[in-house]
Amino acid sequence: MGTTIPTKTSGESVSPGGRSLQTCLHVVGFLDLFGVSMIVPLLNHHVKSLGASHTTAGIIGSCYGVLQLFSSSIVGSWSDVAGRRYSLICCIVVSALGYALLGVSTNIYIYIIARIPIGIFKHSLSISKAFLADLVSETERPLVMGRFNAASSMGFILGPVVGGCLTELPGGFYITSFLCASIFVINAGLVWTMPRADLTRDTSYSSPSSISKRTTNMSSAKSDLLLKTSEENGRAVNTYSAQAIWTQVVSASRKVTRVALSDMWDIFLVRLLSAIAVMLYYSNFSLAMEERFHMTPKMTGYLISYGSALGVLAGFSLGPLSSIYKHNSYMMLLHSSIVTFVSILVYSLTPKMWVVVLSSTFLAFSTTVGRTCVVDIELTQGNKHGSGTLIGVGQSVTSVGRIIVPLFSGIAQEYSPSGPPQIGAILALSSMFLMYKSKSRYSVDSGKRVKVE
């Protein structure tokens with residue numbers, strides 16, 4: 001059983017080394033989404049060019065979601081056990097391999113094979129968020145998470161534009177895929193160069209003697225603490241041995257099971273419904289813009305980048321916004337969900353392009369705030385389970401949406417380009433209703449947290 005990495009209390013300040021580590025993680029998030037955002041808007045076009053129908057593309061996307069569903073929780077919990085740096089490097093390197101395979105996907109079978117390693121190991125952002133959650137107090141968490149989301153969204157500003165321009169060149173998709181793989185290799189190098197001293201200090205493993213005390217009190221966490229001790233003392237440990245790997249697998253599985261059997265089903269269901277709603281909005285965005293408004297991929301890329309730029313501003317505004325709401329993440333999430341519902345509904349019904357731009361403006365703010373608040377609520381509700389495990393399970397919940405959305409979107413598009421966002425609006429309304437039913441629980445928890453801090 002893995003030990004939960006303790007977080008800083010509200011009275012502690014982040015060390016200069018911790019701030020340096022936060023900056024590195026922000027760069028990792030930026031490069032990650034920069035590379036991914038070049039590829040994702042082009043996937044539907046590429047699958048169609050390989051001869052796949054909307055429904056076939058939806059089935060392939062659902063298979064990707066299945067891989068994410070089963071791998072998110074395990075990888076997140078594994079990062080609690082094996083260490084953030086080691087697991088983060090592994091995820092980035094294997095994802096780079098997957099995007100490189102996309103660069104040679106001249107038929108549908110190679111395309112499917114290329115999506116497998118990405119579906120299993122594309123969890124670098126989740127591990128980075130867990131890393132940040134270990135570094136700061138609960139009061140600072142929305143602000144730090146918002147800044148990380150803002151830094152990541154900056155990658156989405158440039159990525160779709162670069163991808164849209166490259167795809168108009170001969171063999172543009174393949175060029176974009178290899179460029180994305182190269183960016184991930186650079187990202188892995190950045191994580192490798194992160195100073196070990198900062199990692200050790202900021203994750204609260206300060207000395208071999210303190211580790212010995214924790215081992216006495218928590219014998220079930222012995223193998224996890226020994227791994228951390230080896231990093232601090234600079235000794236080589238055979239983490240690839242069968243015994244160590246088996247210990248990590250068992251520990252990660254136990255942590256995931258505890259979260260699955262907890263009473264957090266309601267917040268995870270809210271996350272699922274909200275994620276599906278937003279994913280349905282974006283699932284056919286490029287094709288819908290082409291069919292409804294005759295926009296080129298390049299112009300659609302500019303529109304996506306515009307929304308990402310607004311997401312950056314929303315991320316930086318989370319600190320003041322959290323203060324205005326008195327650190328009540330529930331109310332922030334509820335209000336942002338209302339804006340999300342209205343924005344998606346308006347987009348699905350409007351025949352005018354300027355209304356689409358307006359709805360994208362509000363949606364960019366609401367989704368950024370909503371993503372940060374739902375993670376903050378999860379970490380507050382289940383702080384005893386470990387940040388990596390909680391964020392991993394949350395990503396698994398979101399992956400259920402990745403299984404459902406491509407199939408629903410593909411079928412809905414057979415009838416109307418506006419079908420997917422209309423279904424998304426209904427689900428967003430359902431999430432608001434569920435949040436309202438849980439109001440007393442989350443309002444009480446938020447009030448307790450403000451009093452403690």
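When the residues of segment 313-331 are filtered to those that are of a type outside the set (Gly, Ala, Ser) and farther than 18 Å from Ser153 by Cβ, the one that is most open to solvent (accessible area, probe 1.4 Å) is Lys326.
Selection of first residues in segment 413-436 that are touching a residue at least 60 places away in the same chain (Cβ under 8 Å) and under 13 Å from Tyr347 (Cβ atoms) and of second residues that are outside any helix (DSSP H, G or I) and not hydroxyl-bearing (Ser, Thr, Tyr), restricted to Cβ pairs under 6 Å at least 6 apart or on distinct chains, gives the following pairs, ordered by first then second residue: Pro420/Asn284. The set of residues in segment 285-296 being surrounded by fewer than 24 Cβ atoms within 10 Å (Cβ to Cβ) and under 29 Å from Ile426 (Cβ atoms) consists of Phe285, Leu287, Met289, Glu290, Glu291, Arg292, Phe293, His294, Met295. Each residue in segment 250-300 was checked for being at pLDDT below 75, out of contact with any Ser or Thr (no Cβ under 6 Å at 6 or more places or on another chain) and either small (Gly, Ala, Ser) or not in a helix (DSSP H, G or I) (or both), and 6 of them qualify. The set of residues in segment 106-123 that are over 16 Å from Ser396 (Cβ atoms) and either of a type in the set (D, E, K, R) or part of a loop (DSSP other than H, G, I, E, B) (or both) comprises Thr106, Asn107, Arg115.
Segment 351-453 holds helices (runs of 4 or more DSSP H) entirely within its bounds, and those carrying 1 or more residues that are at pLDDT 85 or above and open to solvent by 40 Å² or more (accessible area, probe 1.4 Å) map to 353-381, 419-437. Given the criteria out of contact with any strand residue (DSSP E or B) (no Cβ under 7 Å at 6 or more places or on another chain), farther than 13 Å from Ile120 by Cα, modelled with pLDDT under 85 and hydrophobic (A, V, I, L, M, F, W, C), does Leu102 qualify? When the stated conditions are applied, Leu102 does not pass them. Put simply, of Ser366, Ser399 the only residue that is free of Cβ contacts under 8 Å to residues at least 60 places away in the same chain and either under 17 Å from the mean Cα position of the chain (by Cα) or under 21 Å from Asp266 (Cα atoms) (or both) is Ser366. Within segment 105-143, the set of residues being among the hydrophobic types (A, V, I, L, M, F, W, C), within 25 Å of Thr55 (Cβ to Cβ) and open to solvent by 20 Å² or more (accessible area, probe 1.4 Å) comprises Ile108, Ile110, Ile112, Ile113, Ile116, Ile120. Looking across segment 382-412, the residues that are among the small types (Gly, Ala, Ser) and under 21 Å from Tyr347 (Cβ atoms) come down to Gly401, Ser409, Gly410, Ala412. Of all residues in segment 107-127, those that are of a type in the set (Ser, Thr, Tyr) have Cβ atoms under 9 Å from Cβ atoms of residues that are in a loop (DSSP other than H, G, I, E, B) and surrounded by 15 or more Cβ atoms within 10 Å (Cβ to Cβ), 6 or more apart or on another chain, in Tyr111/Leu50; Tyr111/Ala52; Tyr111/Ser105.
Okay, residues lined up against (1) modelled with pLDDT under 85; (2) over 30 Å from Gln413 (Cα atoms); (3) open to solvent by 30 Å² or more (accessible area, probe 1.4 Å); (4) not acidic (Asp, Glu):
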site: Ser13; (1), (2), (3), (4): yes, yes, yes, yes
site: Pro16; (1), (2), (3), (4): yes, yes, yes, yes
site: Val27; (1), (2), (3), (4): no, yes, yes, yes
site: Leu50; (1), (2), (3), (4): yes, no, yes, yes
site: Ser53; (1), (2), (3), (4): yes, no, yes, yes
site: Gly58; (1), (2), (3), (4): yes, no, no, yes
site: Gly65; (1), (2), (3), (4): yes, no, no, yes
site: Leu69; (1), (2), (3), (4): yes, no, yes, yes
site: Asp80; (1), (2), (3), (4): yes, yes, no, no
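Among the residues of segment 147-157, at least one is charged (D, E, K, R), under 30 Å from His327 (Cβ atoms) and open to solvent by 10 Å² or more (accessible area, probe 1.4 Å). The C-beta contact set for segment 254-278 (first residue more than 22 Å from Phe365 (Cα to Cα), second residue open to solvent by 20 Å² or more (accessible area, probe 1.4 Å) and in a loop (DSSP other than H, G, I, E, B), distance under 6 angstrom, 6+ apart or interchain) comprises Arg254/Met1.
Pairs are defined by a Cβ separation below 7 Å, a sequence spacing of at least 6 or placement on different chains, a first member in segment 326-338 that is within 14 Å of Met145 (Cα to Cα), and a second member that is outside any loop (DSSP other than H, G, I, E, B) and at pLDDT below 90; the pairs so defined are His327/Ser446; His327/Arg449; His327/Val450; Ser329/Pro142; Ser329/Cys373; Ser329/Asp376; Ser329/Ile377; Ser329/Ser446.
The values are calculated or read from the model by the stated rules, or taken from the named source; none is laboratory data. Please read these numbers as outputs of a predicted model, since none were measured by experiment. No Cβ is skipped: glycine too gets one built from the backbone with ideal geometry, and neighbour counts run over all protein chains shown. Ligands, DNA and RNA are excluded from the accessible area calculation, which covers all protein heavy atoms including side chains. Shrake-Rupley method; radii C 1.70, N 1.55, O 1.52, S 1.80 Å.
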